[in-house]
Amino acid sequence: MIKKFFFIFIFYLFWVSSSNGQFFSFSKEIKFVKYLQDNEQFDLANAVLNNIDSLYLNTSQKDSLFFEKGWFAYVQKRIDTAIYYLQKVSISDSRFLKSSFFAQYCNAYLKQYEESEIGFKKIPVQDSLEIELKSFELAGLALLQKNEHIYKDYQKYFRYKHYMLVNEELAFDKYNNERMALKFRSPVVAGILSAVIPGLGKVYAGKKKQGLGAFFPVLSSALLTWEAYNRGGLKDARFWIFGTIFTTFYIGNIWGSISAVSIKNQEINRSYENKILFNMHIPLRNFFN
Amino acid sequence: MKIKFYLTCIFLSVIFLTNLRGQDWINTAKGKEKEGKYQEAAILYERVLFLNTDSSNFVNIAITGEIHCLKKEKKFPEVINFIKKNLQLVSSDSVKYRVYEQWITCAYLSEQLNEALSIIEQSQLLFPQYCNKQWLTYFKILCLNELNDWSAARDIYKSWLLGYGMDTTLADIYNLVPTLKSEDKASWLSTFIPGGGQLYAGKPIEALTSFFIQGLGIYYGIKCVETQYYLSAWLVGAGVFGSFHFGGVRRSVELVKEYNRKKTIAFNEILREKITGQLQSHL
């Protein structure tokens, strides 16, 4: 019996080793990828992952492969690829929750709010902490979409107790309150202000240096036009040249002020979006670490 | 007793097969290298290292092989990173020295010249029995040239020529060190003579244009004062003159920097060609 077993085992060893490249089991291949990643050989790690043929893998191995591909893409900030693979991890896999949460976070990062919301809602959660985490992420999404009503619905699930969430929940409440109190500047007001005093619209938009920068060229060209008119009247070519320059600067300054307000508003929005995304990310990293 | 015998056989078979696998990978990697598939070859070499085989020979081959692949793909900073992470795996001093040579080459090619010089010094200290002094000195001279430390490079080059009984007058090439222009001088010239800095930097057309525009600004200003257009005199005449004057000062400094850079590159190119030629003829 032992003799039989021995010969079968020896035969198996030789058979396995003769098929070059197939000797590595799937789990070893994944370990090899991690080894390459640890050694900062990211191109090679990516090539090895892409060379693994999922056709011959069982469900569990496929899930592992999808997760590793998705996670690697996420770490390398290839967000689209990360979403694609993380969403492919099946519910039976132990990393399903992690991959689902991160896939939906990636959707939110790419401003695909609708997909993200549907995805988050679909995630099956069980214990109270998971429910709170899911609500927290959905509340973040509502903040990103500037929807206070929906935010309040999810805010009800905030318990402000768990160390992984308490700071971020408080931060969300703060952002929500700040945003509600925030009065965005009006491009129309900026335009009118710049029409009255050149550059004032930019100062109103919060760009003082640009305001001064706009004021002096308009003032200089206005003075030149006035002087040309004063000395030579309407027939003086200088009046028309400087007048054209002044008009261009004057209109440009009004247009610039309107744009400056829009840009400033966008900057404020972007700053809040970045803060919200950052706060959405922290509990995910802590929870699934 | 029988079981012990079988277990020993299985153990030895596994050891044998592990080595066989390493050998297979190395052979395949070499084949891939020949086909120019450097990434695939690098993966196979990494597999050998990942396997952590007991055979130091395999490890040495894998390390030198991967360095070669990365170098072929011109990933010089990656080679340096790879060497730093895997150097401790190299057991033989002669192979280690060869790895150091690659480190020096890649540091030089990725313009990490001070690192290259430091590794040259280390190689001489760590591997006195293996180091190729000629080659190391050659790279030291190249690095010093690129760092524009031509006097140090000349001294080393002279002693290198002396050491090999060659004609030391070959080092006279360093007498042709380009005279670099002064940025301060260009700045001062442009301050007091419109276009002077540009002319000094070897750009006569730019100098003439700058001179003409600044002159036009002054002329317009004077004309405006004469016709009592005082605001125009200040805002247009003085404005044009002032902006082109101060702009010209800054521009002349940039032009001198560019001039010096081109001269340095050209001279270092000549030095590299001459010194490489002499080294090759001597070898």
Magnitude of the charge dipole, chain A, Cβ model with Lys/Arg +1 and Asp/Glu -1, debye to 20: 520
Rough spin-label spacing in nm, given labels placed 7 Å along Cα→Cβ, for A:Val188 and A:Tyr157: 4.1
From other protein chains only, count the Cβ atoms within 10 Å of every residue's Cβ in A:39-46, then give the mean. 5
Ignoring everything except DSSP H segments at least 4 long, calculate the 222 nm mean residue ellipticity for chain B; use -39,500 (n - 2.57) per segment, divide by total residues, nearest 500. -26000 deg cm²/dmol
Between A:Ile241 and A:Trp255, 0.36 nm times their residue separation minus their Cα-Cα distance comes to what? 2.9 nm
Rg to Rh, two decimals, where region A:187-274 supplies the alpha carbon set and Rh follows Kirkwood: 1.16
Order by protection proxy (mean Cβ within 10 Å, highest first), peptides A:240-250, A:36-46: A:36-46, A:240-250
Which three numbers, in whole Å and largest first, are the semi-axes of the equivalent ellipsoid of chain B derived from its Cα gyration tensor as √(5λ)? 63, 26, 13
Once you have the Kirkwood Rh of chain A from its Cα pairs, apply Stokes-Einstein at 25 °C and 0.890 mPa s and quote D in µm²/s. 101
Scoring only Lys, Arg, Asp and Glu (+1, +1, -1, -1) among other residues with Cβ under 15 Å from the Cβ of A:Leu86 yields +3
Count the net charge of all other residues whose Cβ sits under 15 Å from the Cβ of A:Ser220, scoring Lys and Arg as +1 and Asp and Glu as -1. 0
Treat each spin label as a single point 7 Å out from the Cα along the C-beta direction, and report the B:Glu258 to B:Asn27 distance in nm. 5.9
Less than 25 Å apart at the alpha-carbon level, and either on another chain or at least 8 residues along: which lysines does that give for B:Lys30? A:Lys28, A:Lys31, A:Lys34, B:Lys71, B:Lys72, B:Lys74, B:Lys75, B:Lys84, B:Lys85, B:Lys96
Could you please report the charge total around B:Ser210, scoring K, R as +1 and D, E as -1 over all other residues with beta-carbon less than 14 angstrom from its beta-carbon? +1
For residues of A:258-266, the mean tally of beta carbons on other chains within 10 Å: 0
Shielding of A:215-224 by other chains, given as the mean Cβ count within 10 Å, works out to 2
Chymotrypsin sites (Phe, Trp or Tyr not before Pro) within region A:156-211: which are DSSP loop residues with at most 14 other Cβ atoms inside 10 Å? A:Tyr160, A:Tyr163, A:Phe184
Kirkwood hydrodynamic radius (Cα pairs, Å) of the protein assembly as shown? 32.0
Would you mind getting me the FRET efficiency between B:Tyr164 and B:Leu87? Use the beta-carbon distance for r and R0 = 35 Å, nearest 0.05. 0.70
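Read-outs throughout are calculated quantities, based only on the coordinates presented, and are distinct from any laboratory measurement. The structure displayed is predicted, hence computed values, not measured ones. Cβ coordinates were reconstructed from backbone atoms using ideal geometry, including for glycine residues, and neighbour counts include every protein chain displayed.
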